[in-house]
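Asker: Below is a structure I'd like to ask you about.
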């Protein structure tokens, strides 16, 4: 049950009642009307901007329209009071019985509480990580991986049909560099002193096991082959081994993709790139022409020449994009176009790309390609994930010995655990730089957000265990209406109000593609629980178990179960455990 959606419907009904003959015209603008918690809880339980955004359509002053709407809303039996604030905001106070009924409903829904169908089973592709298969994943990949996975969880919970995809960059120069680096390690595994790793090759020790595997498989036979012969063999083996490492690293974060899509599968004579470009030519979207030089300093590889261009500027891009290099090979962008066409051909209507912050230039071109290939039917959202800065007790963390020039994802997970990594990677908006301190994320204190939220859940479980022991029975059954009606303290009603926000938070986070909203909400809920607990320490009459009052106890334990339910569901969406005990 989403109380905010319910009351939005009632606000819409009040608008229709006073619209008269203009109801149809005004209905077109109802999407701008919201019902949400007021910024200041002292102003009421809900607030709506209806009068502010519809005053023009009604031909009235916002304050006058607010008075008319307020009169209608005061007739609602669930509304205790309606107040008009400022130029026309409407604040609603609900009767306590509404909150009690809301708690009963959420407990009846169980783990399904908060689930939504706003996605309407819309086919959605979330592509995330997509790191080059040239080495183990680093901490920068970690943030994008966690963000993408949590977003996929959230969208599924909100009713979208989600496919989790990894685009394997297994074509191009970087995998040839990988193959040559591995071949060097292969020679080392055969006993050769390879000396210092040459400039331009990957120096990390992580390639030594791959070289040894090749030595075990082929012996010294590759030494007798020319590079043209051994390169494709070593490249295929290296990519396979690196993908296995990447999948293992992701599994440490409990991340698993549905699809691993190979870039190389798009290429080759008669492949998807060829086919796609032929179709675009026939559609008049590809032409031969020249591009003006980019503004500012010219890049070293820029050439003033006639070339094959995609008309992306026609669809909102900054400029048309080259599809063929001067050596007649396809650009990376050409593969992007073929890949986008493949996704659209698989029926995806929502295309989400989770990319590093250095890919900001890709946003408009991806949007343009999707618009061109789908006739505007496919919607693209590119989420850029900012850098992660690592610290240990405030001091910058040095680079990894194993990887050579970066800290690996696995090193971070092995040191602080999956839960700390996942929660902290989501406890900041994706487009803001994140500072990750190894010491702070394992502290057992309120300053550590993941501990603070997990401890709140563990506290609910401790209350229920202790209640079962002291009362000598099952405390997990449904509470009676009389028991729930005993919930009347401001702190108790405040907790129910916070719980009732959860479905709205789920929907808004899913629509905005912002899973950090769930993490923020859970932290606020945990804070409310801890605050109420501390009030009980000061005032025994507010404790969850009242020895001589079974009705009050049953009602309060129902509230505890409600808090536990929402905390566990929210943590599950983030991919974080809800521990029954903290050790």
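Coordinate-derived values only; no laboratory data. All values derive from a computational prediction rather than experimental measurement. Cβ placement follows ideal geometry from the backbone for every residue including glycine, while neighbour counts extend to all protein chains displayed.
Asker: What order do you get for 319, 331 when you list them from fewest to most C-beta neighbours inside 10 Å?
Answerer: 319, 331
Asker: Given [x] 3, 13, 20, 25, 19, 11, 6, 2, 0; [y] 3, 14, 20, 22, 19, 12, 7, 3, 1, 0; [z] 3, 16, 25, 23, 18, 10, 4, 1, 0 as candidate values of P(r) over Cα pairs in 10 Å bins from 0, in percent, which corresponds to the one derived from the coordinates?
Answerer: Given [x] 3, 13, 20, 25, 19, 11, 6, 2, 0; [y] 3, 14, 20, 22, 19, 12, 7, 3, 1, 0; [z] 3, 16, 25, 23, 18, 10, 4, 1, 0, the calculated one carries the label [y].
Asker: Next question, about the same structure. Does anyone have the angle between helix 332-345 and the longest principal axis of the chain? Alpha-carbon axes, 0 to 90°, nearest 10?
Answerer: That works out to roughly 50 degrees.
Asker: Return the inverse of the average 1/r over all pairs of distinct C-alpha atoms in segment 445-574, which is the Kirkwood hydrodynamic radius, in Å to one decimal.
Answerer: 15.2 Å
Asker: Suppose we take every Cα in segment 3-94 and form the convex hull; what volume per residue is that in Å³?
Answerer: Taking the convex hull of the Cα positions in segment 3-94, it is 82 Å³ per residue.
Asker: Right, next: Taking the square root of 5 times each eigenvalue of the Cα gyration tensor, what semi-axes in Å does the equivalent ellipsoid of segment 402-460 have, largest first?
Answerer: In descending order, the three semi-axes are 23, 14, 9 Å.
Asker: Kirkwood hydrodynamic radius, segment 119-441, all distinct C-alpha pairs: what's the number in Å? Don't jump to the answer; show the numbers that get you there.
Answerer: On the way: mean 1/r = 0.0463 Å⁻¹.
This gives a value of 21.6 Å.
Asker: Ignoring everything except DSSP H segments at least 4 long, calculate the 222 nm mean residue ellipticity for the chain; use -39,500 (n - 2.57) per segment, divide by total residues, nearest 500.
Answerer: So the helix-based figure for the chain works out to -15500 deg cm²/dmol.
Asker: Just to verify a number: FRET efficiency for residue 481 and residue 548, C-beta to C-beta distance, R0 = 22 Å, to 0.05?
Answerer: Between residue 481 and residue 548 the formula returns 0.55.
Asker: Could you state, as a whole-number percent, how many of the C-alpha pairs of segment 138-188 are farther apart than 18 Å?
Answerer: Values: 734 of 1275 pairs.
I get 58 percent for the Cα pairs in segment 138-188 exceeding 18 Å.
Asker: Set the Förster radius R0 to 25 Å, insert the Cβ-Cβ distance between residue 397 and residue 236 as r into 1/(1 + (r/R0)^6), and round the FRET efficiency to 0.05.
Answerer: Working: r = 35 Å, r/R0 = 1.40.
E(calc), rounded to 0.05, equals 0.10.
Asker: Take 391, 406 and order them by how many other Cβ atoms sit within 10 Å, fewest up front.
Answerer: Arranged by neighbour count, lowest to highest, 391, 406 become 391, 406.
Asker: Take peptides 496-503, 355-362 and line them up by average Cβ neighbours within 10 Å, highest first, as a rough protection proxy.
Answerer: Listed from highest to lowest mean packing, they are 496-503, 355-362.
Asker: Still on this model: Could you calculate the contour length gain from residue 95 to residue 248, that is, 0.36 nm times the residue separation minus the distance between their Cα atoms, to one decimal place in nm?
Answerer: Stretched fully, the residue 95-residue 248 segment lengthens by 49.8 nm.
Asker: Starting from the Cα-Cα distance between residue 581 and residue 21, subtract it from 0.36 nm times their residue separation and give me the gain in nm to one decimal.
Answerer: Residue separation times 0.36 nm, minus the Cα-Cα distance, leaves 195.5 nm.
Asker: Follow-up. Rounded to two decimals, what is Rg over Rh for segment 379-522 when you use alpha-carbon atoms and the Kirkwood radius?
Answerer: 1.09
Asker: Using the scaling law 2.2 N^0.38 Å as the reference, what is the normalised Cα Rg of segment 107-177?
Answerer: Against the empirical 2.2 N^0.38 Å value, I get 1.48 for segment 107-177.
Asker: Semi-axes of segment 214-306's equivalent ellipsoid from the Cα gyration tensor, sqrt of 5 times each eigenvalue, largest first, rounded to whole Å?
Answerer: Output for segment 214-306: semi-axes of 37, 22, 18 Å.
Asker: Spin-label point model (7 Å from Cα, Cβ direction): what's the residue 445 to residue 194 distance in nm?
Answerer: Roughly 4.6 nm, to one decimal.
Asker: Also, I was wondering about something else. How do 302, 533, 230, 99 rank when sorted from fewest to most other Cβ atoms within 10 Å of their own Cβ? Mind showing how you got there, number by number?
Answerer: On the way: 302 11, 533 17, 230 20, 99 23.
Result, fewest neighbours first: 302, 533, 230, 99.
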